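K.L.:
For reference, the structure I am asking about is given below.
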Amino acid sequence: MNKIFRPFLIVFIVGCAFTPVFAQSALSAGNTAVLNKYQDSLARATTVIFEGATNAQRYEQNSKFIKLLVNALKTPGSFNFSFDSLKTISVIKSPDQQFRIFSWYVPTEEGTYRFFGTIQMATADGKLKLYPLLDDTEHITDNNQITTNKQWYGARYYEIAALKAAGKKTSYVLLGWKGNNSKTSKKVLEVLSFEDNLVRFGKPVFEGPKGTPLKNRIVFEYNKLNSMTLRVDKNEKMIVFDHLAPFDPKMAGNFEYYASDSSFDGYRQVGDKLKLAENIELKNDPNTLDEFYIDPKQKDIPVVKKF
């Protein structure tokens, strides 16, 4: 692991410990004012992260941002504060109001991205409970691997939906932008679940063509200059996405030459699985998510309640 990055992880883990504070109750006017001041400081900090000339400067500013964020979340009622002025930080809340996820990235000099995040739980006993999300992408060699919050397949999540089935504990489907490098971008369909007070990423719910094994996670990769639709379609009640294909069949497997072929596929819930539907027709018009992301710094983060 990069030596510059190691102390930053320690700061994040310590800062995200389960810290006893006041109950996450309704926001008072005084605490709203406090959190607004924190939000202004956090917004300025994110700007500095992107303006840093070197990786070391960006990580240093990011470390300061994390300390400030954790302090802000210790404010009584913080779970109910939206932090909606943080345009480069995604904050999405689960449909059942049980938790929310903060996720963001730091661009590197090499044209890649390091992702950061935390899950804030809505606790009944009034303790601030955070699960830090530690990007371990560089050590994950199998996209189908089930991971934890400490082995996170980092992404900046922009939509969340509940996956409910009779007799099963609710899981959550996360849609995220992963960036990648100077040639390709990635998006990811991730499944989040909580088991025995532990965070799990990945679950065998993605059902492909007949005879193929279930997948724990879906990763899309395509030419960086192109956009890709990946969103929840509330009219169709499914997750829809561009079908990606190489510009030339000879380029199969070289994702630098992949883009949408103008057709759409999707995943529709069947029982406790998400079943692939190919070549679907979308009746609704494109929306703002269809261009998410070419430049994530310029986009707001929408929240989808359910599908």
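Each row is one residue, and each column tells you yes or no for (1) assigned by TED's automatic domain parsing to the domain that holds Thr75; (2) over 28 Å from Ala259 (Cα atoms); (3) touching a Cys at 6+ places or on another chain (Cβ under 9 Å).
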site	(1), (2), (3)
Thr118	yes, yes, yes
Thr141	no, no, no
Tyr158	no, no, no
Ala162	no, yes, no
Leu174	no, no, no
Ser185	no, no, no
Leu189	no, no, no
Phe194	no, yes, no
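K.L.:
Can you tell which of Lys150, Lys164 is modelled with pLDDT under 95, among the basic types (Lys, Arg) and surrounded by fewer than 16 Cβ atoms within 10 Å (Cβ to Cβ)?
P.N.:
Lys164
K.L.:
In the same structural domain as Thr141 (by TED's automatic domain parsing), farther than 13 Å from Tyr267 by Cβ and not β-branched (Val, Ile, Thr): which single residue out of Arg200, Arg217, Arg231 fits that description?
P.N.:
Answer to the check: Arg200.
K.L.:
Restricted to segment 210-223, and to residues that are modelled with pLDDT of 95 or more and charged (D, E, K, R), which residue is farthest from the chain's Cα centre (by Cα)?
P.N.:
My answer is Lys215.
K.L.:
Here's something else I'd like to know. For segment 253-269: of the residues being more than 24 Å from the chain's Cα centre (by Cα) and on the phi < 0 side of the Ramachandran plot, which is surrounded by the most Cβ atoms within 10 Å (Cβ to Cβ)?
P.N.:
Tyr257
K.L.:
Looking only at residues that are part of a loop (DSSP other than H, G, I, E, B), touching a Leu at 6+ places or on another chain (Cβ under 8 Å) and modelled with pLDDT of 50 or more in segment 15-39, which one is nearest to Ile66 (Cα to Cα)?
P.N.:
Per the criteria, the residue is Cys16.
K.L.:
Within segment 231-242, which residues are surrounded by fewer than 18 Cβ atoms within 10 Å (Cβ to Cβ) and either modelled with pLDDT of 95 or more or at negative phi (or both)?
P.N.:
Lys234, Asn235
K.L.:
Between residues in segment 63-92 that are free of Cβ contacts under 8 Å to residues at least 24 places away in the same chain and residues that are among the β-branched types (Val, Ile, Thr), which pairs lie under 7 Å by C-beta distance while being six or more apart or on different chains?
P.N.:
Phe65/Thr46; Phe65/Ile49; Ser82/Val91
K.L.:
Something else about it: Condition (residue is assigned to a loop (DSSP other than H, G, I, E, B), of a type in the set (A, V, I, L, M, F, W, C) and more than 22 Å from the chain's Cα centre (by Cα)) applied to segment 225-247: is it met by at least one residue?
P.N.:
yes
K.L.:
Go through segment 78-120 and count every residue that is assigned to a strand (DSSP E or B) and either surrounded by fewer than 18 Cβ atoms within 10 Å (Cβ to Cβ) or over 16 Å from the mean Cα position of the chain (by Cα) (or both).
P.N.:
1
K.L.:
Also, quick follow-up: With segment 142-216 as the region, which strands (runs of 3 or more DSSP E) entirely inside it contain at least 1 residues that are without any contact (Cβ under 8 Å) to a residue 40 or more places away in the chain?
P.N.:
Because the criterion is at least 1 residues that are without any contact (Cβ under 8 Å) to a residue 40 or more places away in the chain, the strands (runs of 3 or more DSSP E) in segment 142-216 that meet it are 171-177, 184-195.
The values are calculated or read from the model by the stated rules, or taken from the named source; none is laboratory data. What you are looking at is a predicted structure, and each value in this text was computed from that prediction instead of being measured. All Cβ positions, glycine included, derive from the backbone under ideal geometry; neighbour counts span all protein chains shown.
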